[in-house]
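K.L.:
Structure below; questions to follow.
What follows draws every value from the coordinates through simple rules; no lab data is involved. All of these numbers come straight from a predicted model, not from anything done at the bench. Here Cβ is always computed from backbone atoms with ideal geometry, including for glycine, and neighbour counts include all displayed protein chains.
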Amino acid sequence: MWQSQKGISLLEVLIAILIFGVGVSMALRMLPESSSVTTRSRNMTTAMNLAVERLEELMSMPYNDAALSQGNHSDPLNPIDLHYTRSWIVVDDNPVLGMKRVSVMVRFPTSSADSSVTLNTFITSRR
């Protein structure tokens, strides 16, 4: 009679090693891509936070403040964290008389096309 065999054969060990090796190699191939996606997300989040921060500062200023005068403005702290450049554009009487359209832009160096964040708001003289 056949006796039940105990243990594993060399073939089973080799198949297990092969499956493990394929899994590890696939995981290693994904690491560079996941790292670049993580870096891009971190840059976008930081840029968004910097834009929101500046927009809130501008909204709290008096309507006739120099930082809200018509034209292009550059942040004196540029580059921020040696990586981000923040600026804003103010357009008077847009969309109506007595309002200002303010656009805050934060840019950062990257190889992708979406390397900036722009936020817009309107500020009125009636506060």
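K.L.:
Say whether the condition of being basic (K, R), loosely packed, with under 11 Cβ neighbours inside 10 Å and part of a helix (DSSP H, G or I) is met by at least one residue in the stretch 28-40. Break it down stepwise before answering.
P.N.:
First, the residues of the stretch 28-40 that are basic (K, R): 29, 40.
Those left that are additionally loosely packed, with under 11 Cβ neighbours inside 10 Å: 29.
Narrowing further to those that are part of a helix (DSSP H, G or I): 29.
Yes, because at least one residue in the stretch 28-40 is basic (K, R), loosely packed, with under 11 Cβ neighbours inside 10 Å and part of a helix (DSSP H, G or I).
K.L.:
Okay, moving on. Filter the stretch 100-127 for residues that are of a type in the set (S, T, N, Q) and farther than 20 Å from L82 by Cβ and give the result.
P.N.:
We begin by selecting, within the stretch 100-127, every residue of a type in the set (S, T, N, Q); these are 103, 110-112, 115-116, 118, 120-121, 124-125.
Listed by number, the residues that qualify are S103, T118, N120, T121, T124, S125.
K.L.:
Consider N72 carefully, then state whether it is surrounded by 11 or more Cβ atoms within 10 Å (Cβ to Cβ) and either free of Cβ contacts under 8 Å to residues at least 60 places away in the same chain or over 30 Å from S116 (Cβ atoms) (or both).
P.N.:
no
K.L.:
Would you tally the residues in the stretch 48-67 being surrounded by 13 or more Cβ atoms within 10 Å (Cβ to Cβ) and over 15 Å from V104 (Cα atoms)?
P.N.:
The number of residues fulfilling the criteria is 1.
K.L.:
Just the residues that are small (G, A, S) and surrounded by fewer than 15 Cβ atoms within 10 Å (Cβ to Cβ), please, taken from the stretch 97-127.
P.N.:
Selection gives G98, S111, S112, A113, S125.
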